[in-house]
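Asker: The structure that follows is given in the form of structure tokens.
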Amino acid sequence: MRRITPRRLAPACLAVATVFAMAGAFAQTAQPAPAAPGGKIKVGFMLPYTGTYAALGTAIENGFRMYVQQQGGKLGGREIEYFKVDDESDPAKAPENATKLVKRDQVDVVVGTVHSGVQMGIVKVAKENNTLLIIPNAGVDEATGPLCGPNIFRTSFSNWQPGYAMGQVLAERGLKKVVTLTWKYAAGEQSVKGFKEAFEAKGGKVVKELSLPFPNVEFQALITEVASLKPDAVFVFFAGGGAVKFVKDWAAAGLKDKIPLYGSGFLTDGTLEAQGNAAQGLETTLHYADGLSNARDKNFRLDYAKTFKLQPDVYAVQGYDAAQLLAAGATAVKGDMTRKADLYKAMGSAKIDSPRGAFTLSKAHNPVQDFYLRKVDGRENKVSSVAVKALADPARGCRL
Ligand code: BEZ
């Protein structure tokens, strides 16, 4: 046996110390390792699968999966593996839920979510970890405003956009005095802000802003208050199960033919079956509509109906386009999701051939898109006109 002399020991100690030092440094800076090129791309859905927005979450996932299926189950040459968390539309649980996907499941991309308050928690986690985030619905203005980032993308809208479009429509119709009514959280408040900006710039006045906590659906007292104010019209933001209840309550209160009711299109999208006659004739503004006569939309609707035995809605379109946007990036980097700078660059400059009509992203990564005026006719939100063409969110506070 060779004797271990101090001279022989020194280099060995140095080597061991170096390894430990490297391991320590790695432990401090290690980020969750994205899937190795050649393995599957890991997609983490953080969506509501329970509560008032449950149907919206399912439609987004359906749309996303359908696009991937149409590509033979691969994006950028790699198969997709899905992970899922039910965010319950609960902002308090958002950081923990997002962290599960990013740290535990080590996903390459988070696709989420619907609720603006929950979105704030996801954006924070995505920014801290430089994880790619695609927002398939939540409109929270901050995500493509002061909190914008190279890794944050949205395929839906900012809360400001549909509200702004309706403000313009009603001002152009010569309405003067409007009351607003929403849930009291970012989606409702920012939607009203957009509405007010356009409406008041053209001479209208929002005379009262009413609200109730999310997801409360005890609308009666507020409906009575709106009636007592005798406005020219009311503008509302409600969506999902709450929108169904509100439209029915409004009609039941006998106000349907007395005070014109307008809203961003979430009021009547994916809800018409349940709203029935109470929704007939309602006008809303949104970046999707029934009756768009483009080939992409026709095929999308046929495939969706065949696959899910359901009619698609705006949420399904946004999910479908989230997958299209990811595909644009994954193809550009040939499936190597570690090439983040190239990935983000390709996604930022993508032109998405959407069922809503083709769109591009702003510098802040929010869709620049047409907003349609729609009118409920039977079970459809039929397109009446383009209310605002190529509307871009002002992206206030975004530095990119
Ligand atoms: C939101 O919270 O941002 C939202 C939820 C449902 C529909 C539209 C927006």
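Asker: Take the conditions among the polar types (S, T, N, Q), surrounded by fewer than 24 Cβ atoms within 10 Å (Cβ to Cβ) and in the same structural domain as Arg301 (by TED's automatic domain parsing) and apply them to Thr113. Does it pass? Before you say what the answer is, go through the steps one by one.
Answerer: Details: among the polar types (S, T, N, Q): yes; surrounded by fewer than 24 Cβ atoms within 10 Å (Cβ to Cβ): no; in the same structural domain as Arg301 (by TED's automatic domain parsing): yes.
No; evaluated as a whole, the condition is false for this residue.
Asker: Then there is this: I need a count of the residues in the stretch 347-377 that are of a type in the set (Val, Ile, Thr) and open to solvent by less than 20 Å² (accessible area, probe 1.4 Å). Walk me through it before giving the result.
Answerer: Applying the first criterion (of a type in the set (Val, Ile, Thr)) to the stretch 347-377 yields 352, 360, 368, 376.
Cutting the leftovers down to open to solvent by less than 20 Å² (accessible area, probe 1.4 Å) gives us 352, 376.
Residues flagged as of a type in the set (Val, Ile, Thr) and open to solvent by less than 20 Å² (accessible area, probe 1.4 Å) within the stretch 347-377 amount to 2.
Asker: Something else now. Take the conditions closer than 27 Å to Arg399 by Cβ and away from the ligand (no atom under 16 Å from the Cβ) and apply them to Thr131. Does it pass?
Answerer: Working: closer than 27 Å to Arg399 by Cβ: yes; away from the ligand (no atom under 16 Å from the Cβ): yes.
Spelling it out, Thr131 is indeed closer than 27 Å to Arg399 by Cβ and away from the ligand (no atom under 16 Å from the Cβ).
Asker: Now, a different point. Under the condition of being under 21 Å from Phe195 (Cα atoms) and over 23 Å from the mean Cα position of the chain (by Cα), which residue from the stretch 280-304 is least open to solvent (accessible area, probe 1.4 Å)? Before you say what the answer is, go through the steps one by one.
Answerer: So in the stretch 280-304, the residues under 21 Å from Phe195 (Cα atoms) come out as 281-289.
Narrowing the set further to residues that are over 23 Å from the mean Cα position of the chain (by Cα) leaves 281-282.
Details: Gly281: 36, Leu282: 13 Å².
Of everything passing the filter in the stretch 280-304, Leu282 is least open to solvent (accessible area, probe 1.4 Å).
Asker: Here is a follow-up. Out of the residues in the stretch 53-99 that are among the β-branched types (Val, Ile, Thr) and more than 17 Å from Pro136 (Cα to Cα), which is nearest to the ligand (Cβ to nearest atom)? Lay out the reasoning, then the answer.
Answerer: The first filter runs over the stretch 53-99 and keeps only residues among the β-branched types (Val, Ile, Thr), leaving 58, 60, 68, 80, 85, 99.
Then keep just the ones that are more than 17 Å from Pro136 (Cα to Cα); that gives 80, 99.
Numbers: Ile80: 25, Thr99: 21 Å.
Filtering first and then ranking leaves Thr99.
Asker: Another question about this same structure. Being out of contact with any helix residue (DSSP H, G or I) (no Cβ under 6 Å at 6 or more places or on another chain) and either at positive phi or open to solvent by less than 20 Å² (accessible area, probe 1.4 Å) (or both) is the filter here; which residues of the stretch 193-211 pass it?
Answerer: Gly203
Asker: Looking at the structure I just gave you, is Gly167 open to solvent by 40 Å² or more (accessible area, probe 1.4 Å), in contact with a Lys or Arg (Cβ under 9 Å, 6 or more places away or on another chain) and not assigned by TED's automatic domain parsing to the domain that holds Val317?
Answerer: Details: open to solvent by 40 Å² or more (accessible area, probe 1.4 Å): no; in contact with a Lys or Arg (Cβ under 9 Å, 6 or more places away or on another chain): yes; not assigned by TED's automatic domain parsing to the domain that holds Val317: yes.
Judged against the criteria, Gly167 is not a match.
Asker: Okay, moving on. Does the stretch 39-51 contain any residue that is out of contact with any Pro (no Cβ under 6 Å at 6 or more places or on another chain), modelled with pLDDT of 95 or more, under 23 Å from Phe237 (Cα atoms) and among the polar types (S, T, N, Q)?
Answerer: yes
Asker: Residues to consider are Ala239, Ala252; find the one that is more than 15 Å from the ligand (Cβ to nearest atom) and not basic (Lys, Arg).
Answerer: Working: Ala239 fails: more than 15 Å from the ligand (Cβ to nearest atom).
Every option except Ala252 fails the conditions.
This table checks each residue for (1) at pLDDT below 95; (2) under 19 Å from Thr58 (Cβ atoms); (3) touching a helix residue (DSSP H, G or I) at 6+ places or on another chain (Cβ under 6 Å).
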| site | (1), (2), (3) |
| --- | --- |
| Ala239 | no, yes, yes |
| Gly242 | no, yes, no |
| Trp250 | no, no, no |
| Ala253 | no, no, yes |
| Pro260 | no, no, no |
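Asker: Going by what's in this entry, would Lys248 be described as surrounded by fewer than 20 Cβ atoms within 10 Å (Cβ to Cβ) and in a helix (DSSP H, G or I)?
Answerer: Details: surrounded by fewer than 20 Cβ atoms within 10 Å (Cβ to Cβ): yes; in a helix (DSSP H, G or I): yes.
Yes, satisfied.
The values are calculated or read from the model by the stated rules, or taken from the named source; none is laboratory data. The shown structure was predicted, so the numbers you read here are calculated from the model rather than taken from an experiment. So basically every Cβ, Gly included, is an ideal-geometry build from the backbone, and we count neighbours across all protein chains shown. Surface accessibility is based on the protein's heavy atoms, side chains included, excluding ligands, DNA and RNA. Shrake-Rupley method; radii C 1.70, N 1.55, O 1.52, S 1.80 Å.
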